[in-house]
1. Hey, can you rank 80-89, 132-141 by average C-beta count inside 10 Å, highest first?
2. Quote the accessible area belonging to residue 20 in square angstrom, nearest 10, computed with a 1.4 Å probe and with ligands, DNA and RNA left uncounted.
3. So what does residue 207 come to for accessible area, using a 1.4 Å probe and Å² rounded to 10?
4. Out of the total accessible area of the range 187-335 (probe 1.4 Å, heavy atoms of protein only), what percent is carbon and sulfur?
5. Tell me, in nm to one decimal, what length is gained between residue 91 and residue 23 on full extension, where the rule is 0.36 nm per residue of separation less the Cα-Cα distance?
6. 222 nm [θ] for the chain, helices only, -39500 (n - 2.57) per DSSP H run of 4+, per residue, to 500?
7. Among 105-117, 283-295, what's the highest-first ranking by average C-beta atoms within 10 angstrom per residue?
8. Suppose all protein chains stay in the model; what accessible area per residue would a 1.4 Å probe give for the range 1-79, in Å²?
Amino acid sequence: MAKTWGTYRDLLNPLSLAILALMVVYLGSKLYFGVPWNVIDNPSRILLALLACVVVMRTVPDPTAIWRGITIALVASLAIVAIQHYTLGEERPSGWTQAIAFANMVAALGLVGFARPGTSRRVHALAWVNLVLAAMILFLNGTRGATLAMLLTALPLLFVRYRGLSAARFFAAIALFATLGVGAYLIPGGPVAQKIDQVRNEVGQFEKGDAETSVGARLEVWRIAARSITMHPWMGVGVGQFARILHASDFCKSTKSTACNLEHAHNDVVEAAATTGLPGMLALLGIFLIPAVLFLRTLRACCNNDNALGVSLSGAGLGVVMASLISGLTQVTMAHQANIVFYAGIIGLLLGLAGVQAKLPRAAKANV
């Protein structure tokens, strides 16, 4: 693979440095604070991104197989969560895995499916079908962060879906999305209205001193974490030790709130800053922002070479990174094995495929 590395070092070197920085900070925190080795378990899985990327660049598999599989996967997932919700009575159906991690994966797959290459009516229809299928799964699952992340990220991906999209049509699409959102909210008893009203009610309860709700618990946890960050800005309290912050707080000493039972901060940036300090926060952001820059680089190269397949792969990668960043505002990527393994794997896969396309002088237009 040395030859492969030499060919794609402009992508592999920055990705390696981002992963190395994260591992050095987390390993240093583990050794400095003397915490158990298992705190490195989930973070170490980011190594999969580099492995997947190199293997894909070396073997050069057929990229179009992704889009042939995603629609099937989303249909199957919708069937599973529908059975769980309507037949088994599960409130948060998630294919028998952690609900939020499942939702984050569905949102990412919906966006990758939306970015499929091709300009025919059939391809455009299939792209929208993927997005609608993912939205239906997320509404049944009930994870608000992933739903918002997917819908917000789908807007800039319109430029990938419709190459040459004018600014006027883009803003018209935003207006249409907003109109559909308002219409969905105005449906009496609809799922959108229920979710938005629930958030408003929970914020109102928190302002009155009640943190015993999903939103209230997060807000209280973030407030406690902010105090800890100001006290330990450089080293934090130790990787994987966020629960110590909660247990040591005056709030948790004086109450038996469910917020005090959380093991992480429900926010990527807050978790990293509180446990590994400023270096850890920057290293964590690096595993999102550096792949984003690399996908932008391949996107630019593929646009210059009129490589529609490469544009779709790069756009899909950007969509996954953007959605993961937004989802990370209400969840911790490293907290669940499924989350970090999926993120690392799909980033490595898409970056490897996009990197190969970016090196081609010109590729045939694809309809898959």
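The values are calculated or read from the model by the stated rules, or taken from the named source; none is laboratory data. Remember, it's a predicted structure, so these values are computed and weren't measured experimentally. Cβ sites come from the backbone with ideal geometry, for glycine too, and all protein chains shown count toward neighbours. Note: accessible area is taken over every heavy atom of the protein model, side chains too, but ligands, DNA and RNA are not part of it. Shrake-Rupley method; radii C 1.70, N 1.55, O 1.52, S 1.80 Å.
1. 132-141, 80-89
2. Only protein atoms counted, so the area is about 100 Å².
3. 150 Å²
4. Of the solvent-accessible surface of the range 187-335, carbon and sulfur hold 62 percent.
5. My answer for the length gained is 20.8 nm.
6. Per the formula, -24000 deg cm²/dmol.
7. Peptide ranking by packing, descending: 105-117, 283-295.
8. 51 Å²
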